[in-house]
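Just below is one structure, and these are the notes that go with it.
The values are calculated or read from the model by the stated rules, or taken from the named source; none is laboratory data. What you are looking at is a predicted structure, and each value in this text was computed from that prediction instead of being measured. Here the Cβ is made from the backbone with ideal geometry for all residues, glycine too, and neighbour counts use every protein chain on show.
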Amino acid sequence: MAQPRARIGSRRNGRIGSRKNARRIPKGVIHVQASFNNTIVTVTDIRGRVVSWSSAGTCGFRGTRRGTPFAAQTAAGNAIRTVVDQGMQRAEVMIKGPGLGRDAALRAIRRSGILLSFVRDITPMPHNGCRPPKKRRV
Amino acid sequence: MAASTLGGFISSLFPSLTSKSQAKPSPPSLPIPPPQPPVSSDSPYLTLSASSSSSSSSWRSSYSKASVKEEDLMMFPAGRDVMSVVCPAMAHSNTLFFKSAYNVQVVVGEDEPEEALLRRFRREVMRAGVIQECKRRRFFENKQEEKKRKTREAAKRNKRRSRRPFNKALMMEKEESAKKASEVEDDDNWDLPEEGLLPN
């Protein structure tokens with residue numbers, strides 16, 4: 001009775017973004033996930049809702065070349081190009097993971113002309129939690 | 001109607017956030033965290049414990065803001081109270097983006113050359129030891145490996161610490177104080193007294 005009504009209401013609140021194509025966000029967050037094999041750059045708004053993303057893999061690099069800093073640079077450039085057209089001026093950068101793409105992506109972001117407020121490293125650190133996989137014997 | 005004024009209010013608060021965060025000094029003490037839903041209420045304390053150990057370097061750095069995310073929350077004291085009156089459901093919506101616990105934070109100044117920013121960021125990360133820690137935790141290390149690693153690190157640390165005071169005067173002082181201590185001991189009379197004086 002009350003439940004269907006409430007569900008529709010919440011959907012309207014949450015999914016409005018997909019209706020308007022050009023969401024004007026002046027300030028956003030750029031997440032860079034730099035692993036050893038790949039770099040993924042995601043641009044979201046302050047609340048974390050994704051606006052656009054790009055990765056080294058989607059930029060045409062495959063295999064070992066995805067993990068290179070140059071690939072990270074192109075991925076970051078790609079991701080930011082779409083967002084700058086939407087009018088984003090300020091951004092925070094959140095970098096996660098070890099990897100060669102960290103510095104290269106940051107450099108590309110800086111060069112793209114977006115004002116940066118913070119650069120944060122949010123690599124997740126367990127407080128001695130799960131047991132990692134066994135050593136490789138290569 | 002309430003929603004539009006709410007949006008306007010929050011957007012008007014943002015410029016104050018960005019302008020104030022540069023000027024305000026970082027408070028070391030935690031302000032009272034706002035009443036958040038129970039899932040995220042652990043996050044303020046978690047961030048302090050997580051970031052205090054690994055980002056203690058960021059406390060010392062002169063540039064980086066060195067405050068936990070709660071510093072941003074202190075910008076909104078008036079806003080929060082008004083919001084909780086005006087629209088209780090959305091009162092704490094602006095706290096949603098303060099969830100991340102970071103290891104290192106570098107505040108970017110205006111007109112900072114990109115090389116300087118990169119260098120600063122890399123230095124902060126190295127001090128926090130993020131990448132080292134990541135590599136260590138990739139694969140499991142048994143007790144042997146762990147012991148080896150710890151001895152290696154301790155040796156490195158000791159070597160660095162013992163190499164520091166290469167001031168000759170300091171070394172001379174240390175030697176002299178050592179000599180004096182031994183002389184004082186010699187003044188003590190440990191020999192037994194003569195036979196006649198000993199009580200029976």
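Quick notes
- Note on region A:105-119: residues that are buried (at least 24 other Cβ atoms within 10 Å of the Cβ) and either among the hydroxyl-bearing types (Ser, Thr, Tyr) or farther than 18 Å from residue B:110 by Cβ (or both) total 2.
- Restricting region B:105-153 to residues that are over 20 Å from residue A:108 (Cα atoms), touching a strand residue (DSSP E or B) at 6+ places or on another chain (Cβ under 9 Å) and aliphatic (A, V, I, L, M), the residue that is farthest from the other protein chains (Cβ to nearest Cβ): B:128
- Test result for residue A:119, without any contact (Cβ under 8 Å) to a residue 40 or more places away in the chain and touching a helix residue (DSSP H, G or I) at 6+ places or on another chain (Cβ under 7 Å): yes
- Scanning region A:102-138 for residues that are more than 8 Å from chain B (Cβ to nearest Cβ) and in contact with a Gly (Cβ under 7 Å, 6 or more places away or on another chain) turns up A:108, A:112.
- Only a single item in (1) at pLDDT 90 or above; (2) within 14 Å of chain B (Cβ to nearest Cβ) is not met by residue A:43, and it is number (2).
- Test result for residue B:124, at pLDDT 90 or above, under 17 Å from residue A:128 (Cα atoms) and of a type in the set (Asp, Glu): no
- Within region A:74-101, restricting attention to residues that are over 17 Å from residue A:28 (Cα atoms) and over 13 Å from the mean Cα position of the chain (by Cα), the residue that is farthest from the other protein chains (Cβ to nearest Cβ) is A:74.
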